[in-house]
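Q: This is the structure I have questions about; it appears just below.
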Amino acid sequence: MTTDAKIDTSSAGTIEGGIDAVVIGASADGLAAAAYLGKAGLRTVLLGASPEIGAADDDPITQGTAHGEHLAFQLDPDVISDLGLYKLGLAYAARRLETTYFFENHAAITVNGDPARAFQAPEIAASDDAEAFQSLVENTLEMAAQLRVPLAAPDYDGMKSENAFDTALAHAGDKAQRQVMRCAVASIDDIIGGGTNEGPLRDLLSAEAAFRTSAAPHAPYSFFNLVKRWSGEASGLQGAIAYPEGGAAAIMNALRRAAQGAKVDIRASMQVRSIIIEWDGVAGVELSEGGQIRTPIVIHALDARRAFLETIGTQFLNIEFQGLFGNWRPIYCSALFHAKAKAADDEYDDLPATALRRLMFAPKHGSLRKAFNAARAGRVPEKLIVEAILPNAAKTKDAGDGAHYLSAIAHPLPFNAAPDEVYRKQVEAAIIKNLDYIAPQLSDRIEETRLTLPPDIAVETGADAIAHAAPPTILQQWRRANGFAGASGVRGMFFCGPEAQMGAGLSAAAGRRAAKAAIAYARIHGGAP
């Protein structure tokens, strides 16, 4: 560990030395990476673009959300254990949220918070497709468990990452290997074509697999999105969805406390103009306001284009690595929607505890296909998958004003890097219309709303809006994430931005792996104790 004294950087043009590592970006992965580095004894500086690091949301409308998230379903258990997040304030108001699915015919099905017990719901058990549904759920959960490690986050040893799939499949046996190979390229329609052909079971499976992805149910590779979704865990249960006390913001706050406890120097409102490269290796960062921080290690938690093309430059990057950026452009995105609504006349002022559950509107299979086609054409679809929760159901009393608060995520929507007011109003109207399937006449009771789109999250996180669009298919994400993780050719540069993550949601697995690789690098090059 270096011991040089800190040089004052209060004025532009100064140079600060004695820093072992710099983390750029205060996302969940950036905070986790910084905490790991600090715990390893590396003198670490975390640079966040926003005025507040972590999540300090005092707005009663958007309570508990962080970086576009309001639930936890794939938070890395190793991060929780290694950083002691439970001791730092992370707790759950509900550890295994039940899900109530609502359908276009206004029917509803409530399923257990453990996906393995979903088929025990009376409405499902009585269905003609109950046996096929049970078999599909069990097989998918088994496959997801086998592939949890390789699907968690990229590994910084490319060969090791490639072998992760082979190792997982070798332990699974021949039958499981054939099943994975068949399902990896299959659409949702391919997998459920033999059973659950029509009706609510098909609709809910299609909605779950297509939610927050770029793959429509009829598109190749779309089934593997469900495998990834059920490979994650929350509160120790595979496939579960949990509501942290205080919402997803509580995860960010616990990670921030972990970084502070590890003596990380956290600096808000700091942006990086460029990464200094000397002899094909990281030598420091140049700040936008002037001045430099000299360091041999940089972990970048913002988007890949900014991390490599803008702050490093193509002259330092491998030709093969530059091909990862390709011509991919985002087509779809999700929207986060908050509403304050007046309580209906027949509702209690205080929400019952049973109201704390995950609510999901699952459009008909045909409607969902039309929704993806419309969004691809740049139009706001008529029908949307909507996931919603009632945050004040987690409290003993509501907000005290006789209102109910709702947080929802809607998908698929056409990605718009610069949405105007017309587009925003169209999106909001579509979400409210679909929410009426969950809460009839809700639109008549809404008093105040907030809409958050990818460009809004970009302002909050410092990453480009494109990084917050719906990612490509899971297998494409896996290839891209592993490429960005270890093939830039720049020594001392590590990446854990959105493109290094697998699936939606707060995970921090990419930050953990980037930090582990950086610590190993520091030890080899004499920079770690």
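Coordinate-derived values only; no laboratory data. Only a predicted model underlies this, so the values are computations on that prediction, with no experimental measurement involved. Please note: Cβ atoms are built from the backbone with ideal geometry, for glycine as well, and neighbour counts cover all protein chains shown.
Q: Working out 0.36 nm times the residue gap between Glu289 and Ile319, then minus their Cα-Cα distance, what length gain in nm do you get to one decimal? Don't skip to the end; give the middle numbers.
A: Numbers: separation 30, 0.36 × 30 = 10.80 nm, distance 3.12 nm.
That works out to 7.7 nm of additional length.
Q: What is the projected area of the convex hull of the Cα atoms of the chain, averaged over all directions, in nm²? All intermediate terms of the calculation are to be shown ahead of the outcome.
A: Numbers: hull surface 96.3 nm².
The directionally averaged projection comes out at 24.1 nm².
Q: Against the longest alpha carbon principal axis of the chain, how many degrees, from 0 to 90 and to the nearest 10, is the axis of helix 365-376 turned?
A: For helix 365-376, the angle is close to 40 degrees.
Q: Another question about this same structure. Give the residue list of GluC sites (Glu not before Pro) in segment 28-103 that are DSSP loop and have at most 14 other beta-carbon atoms within 10 angstrom. Could you put the intermediate results ahead of the total?
A: Numbers: sites: Glu52, Glu69, Glu98; in loops: Glu52, Glu98.
For GluC sites (Glu not before Pro) across segment 28-103 that sit outside H, G, I, E and B with at most 14 neighbouring Cβ atoms in 10 Å, the list reads Glu52.
Q: Have a look at segment 449-522 and give its Rg and Dmax from the Cα atoms, expressed in angstrom.
A: In order Rg, Dmax, the Cα atoms of segment 449-522 give 13.8, 48 Å.
Q: For the pair Ala125 and Asn105, what calculated FRET efficiency results from E = 1/(1 + (r/R0)^6), where r is the Cβ-Cβ distance and R0 = 22 Å, to the nearest 0.05?
A: About 0.70, to the nearest 0.05.
Q: Below 8 Å, C-alpha to C-alpha, sequence gap of six or more: please give me the relative contact order for the chain in percent.
A: 26 percent
Q: Amide H of Ile385 versus every other amide H placed in the peptide plane: which residues, excluding those fewer than 5 positions away on the same chain, fall under 5 Å?
A: His411
Q: Continuing with this model, one more query. Given a Förster radius of 41 Å and the C-beta distance between Thr449 and Trp328 as r, what FRET efficiency does 1/(1 + (r/R0)^6) yield to the nearest 0.05? Show your work: numbers first, answer last.
A: Numbers: r = 32 Å, r/R0 = 0.79.
That pair, Thr449 with Trp328, gives E of 0.80.
Q: Here is a further query. Which of Lys342/Lys383; Lys87/Lys340; Lys342/Lys433; Lys340/Lys364; Lys228/Lys516; Lys383/Lys425 have a Cα-Cα distance over 21 Å?
A: The pairs that break the limit, which is 21 Å between Cα atoms, are Lys342/Lys383; Lys87/Lys340; Lys340/Lys364; Lys228/Lys516.
Q: Give me, ordered by chain and number, the residues 5 or more places off Thr311 or on other chains with an amide H under 5 Å from its own placed amide H.
A: HN-HN under 5 Å from Thr311: empty list.
Q: Still on this model: Contour minus end-to-end for Met181 and Asp78, with contour as 0.36 nm per residue of separation and end-to-end as the Cα-Cα distance? Before the final figure, lay out the partial values.
A: On the way: separation 103, 0.36 × 103 = 37.08 nm, distance 2.80 nm.
Gain on extension, Met181 to Asp78, equals 34.3 nm.
Q: Another question about this same structure. Residue by residue through segment 418-432, which ³J(HN,Hα) values in whole Hz follow from phi under the Karplus form 6.51 cos²θ - 1.76 cosθ + 1.60 (θ = phi - 60°), with glycine and proline marked x?
A: So the Karplus estimates, Gly and Pro as x, are 9, x, 8, 5, 5, 4, 4, 5, 5, 5, 4, 5, 5, 5, 4 Hz.
Q: Tell me, what is the FRET efficiency for Asp436 and Trp279 to the nearest 0.05, using R0 = 35 angstrom and their Cβ-Cβ distance as r?
A: Values: r = 62 Å, r/R0 = 1.77.
Efficiency, rounded to the nearest 0.05: 0.05.
Q: Where the centre of each part is set by its Cα atoms, how far does segment 190-249 sit from segment 410-436, in angstrom?
A: One Cα centre to the other: 22 Å.
Q: Could you state the angle between the C-alpha long axis of helix 509-524 and the longest principal axis of the C-alpha atoms of the chain, as a value from 0 to 90 degrees rounded to the nearest 10?
A: That helix lies at roughly 20 degrees to the long axis.
Q: Quick check on segment 232-337: take the gyration tensor over C-alpha atoms, sort the square-rooted eigenvalues as a ≥ b ≥ c, and tell me if it's rounded (a/c under 1.5), prolate or oblate.
A: oblate
Q: Moving on. Go through 113-124, 251-262, 311-322 and give me the packing order, highest mean Cβ count within 10 Å leading.
A: Highest to lowest by the protection proxy: 251-262, 113-124, 311-322.
Q: Here's something else I'd like to know. Run the quick spin-label model on Ala343 and Ala355: label points 7 Å from Cα toward the beta carbon, then report their separation in nm to one decimal.
A: The two pseudo-label positions are separated by 0.7 nm.
Q: Can you compute the equivalent ellipsoid semi-axes for segment 385-529, i.e. the square root of 5 times each eigenvalue of the Cα gyration tensor, sorted largest first and rounded to whole Å?
A: Equivalent-ellipsoid dimensions as semi-axes: 39, 19, 13 Å.
Q: Here is a follow-up. If you fit an axis through the alpha-carbon atoms of helix 130-146 and take the longest principal axis of the Cα set of the chain, what angle between them do you get, 0 to 90°, nearest 10?
A: Between the helix axis and the principal axis of the chain, the angle is about 10 degrees.
Q: Any chance you could run the full-extension gain for Leu237 through Asn373? It's 0.36 nm times the residue separation minus the Cα-Cα distance, nm to one decimal.
A: Details: separation 136, 0.36 × 136 = 48.96 nm, distance 3.48 nm.
Length gained between Leu237 and Asn373: 45.5 nm.
Q: If I model a spin label as a point 7 Å beyond the Cα along the Cα-Cβ vector, how far apart are those points for Ala268 and Ser135 in nm?
A: Going from the Ala268 label point to the Ser135 one covers 5.6 nm.
Q: Another one. If you take every DSSP beta bridge fully contained in the chain, what fraction is antiparallel? Give it as a percent rounded to 5.
A: Details: 43 of 63 bridges.
Bridges in the chain are about 70 percent antiparallel.
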